[in-house]
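**Q** This is the structure, below, for whatever I ask next.
The values are calculated or read from the model by the stated rules, or taken from the named source; none is laboratory data. Remember, it's a predicted structure, so these values are computed and weren't measured experimentally. Positions of Cβ are generated from backbone atoms using ideal geometry, with glycine treated the same way; all protein chains shown enter the neighbour counts. Only protein heavy atoms, including side chains, enter the accessible area calculation; ligands, DNA and RNA are left aside. Shrake-Rupley method; radii C 1.70, N 1.55, O 1.52, S 1.80 Å.
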Amino acid sequence: MNSFGHGGRTSRPKTLPEAREEKRPPGALSPSARKPAIMQEPVLVLNATFEPINVTAVRRAMVLMIKGVAQAEEVNHTQVHSASRALPVPSVIRLLAYRHIPQQTRALSRKNILLRDRNTCQFCSRTLPASELTLDHVVPRSRGGRSSWENLVACCYHCNNSKGDRTPEEAGIALTRRPRPFTLHTSRQLMRLIGNKDEKWRKYLFY
């Protein structure tokens, strides 16, 4: 079994710091006000020039709005309540200051690999929540496999256990597609894929 950053299987995510009671900043959302499913919904991020540059979660988007870094351009018909106010759940946000986006690949991380692979196990093709996925080294580390974009894939726990410390060929399973680095082109493809399902995104992605 191979997982990124650990000797064994990737551990389940811990409770996020912002979900604790103590030391919440003014205006922060209380735990009882949060709806986990809603807070993890994707939000399109636009640069100050309205150019799409990223996809983030509602939780992060609302933090940017509270800090005055971004404003909502499109909202859903849902609100999240804090101790002092009700905030609309954004679908599209825009940064208030222009940010230069370098033409390079993203940092290698569990989050970005799951995003690249669309939360889909690259062996059985099941799409699952992030908490039900781990990372697998296609060529095991015990065989010299590196922690790289080309050797790490999203994998469900069942396939991870079945594959064990073997190559896909040895385990009798096949990758659904060859893993590649997460480039800006990959990011734009994902934005358009999600944009097909959210009509609020379309005018910012298809022009």
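**Q** Cβ contacts < 8 Å: first residue farther than 14 Å from ASN161 by Cβ and without any contact (Cβ under 8 Å) to a residue 40 or more places away in the chain, restricted to segment 115-137; second residue in a strand (DSSP E or B) and open to solvent by 30 Å² or more (accessible area, probe 1.4 Å), any location; separation 6+ or different chain. Result?
**A** ASN119/THR127
**Q** Restricting attention to segment 183-192, does a residue exist that is free of Cβ contacts under 8 Å to residues at least 12 places away in the same chain, outside any helix (DSSP H, G or I) and open to solvent by 50 Å² or more (accessible area, probe 1.4 Å)?
**A** Taking every residue of segment 183-192 in turn, none turns out to be free of Cβ contacts under 8 Å to residues at least 12 places away in the same chain, outside any helix (DSSP H, G or I) and open to solvent by 50 Å² or more (accessible area, probe 1.4 Å).
**Q** Within 30 Å of PHE50 (Cβ to Cβ) and among the hydroxyl-bearing types (Ser, Thr, Tyr), is that true of SER109?
**A** yes
**Q** What strands (runs of 3 or more DSSP E), lying completely within segment 41-157, carry at least 2 residues that are hydrophobic (A, V, I, L, M, F, W, C), at pLDDT 90 or above and open to solvent by 30 Å² or more (accessible area, probe 1.4 Å)?
**A** Ranges flagged: 70-81.
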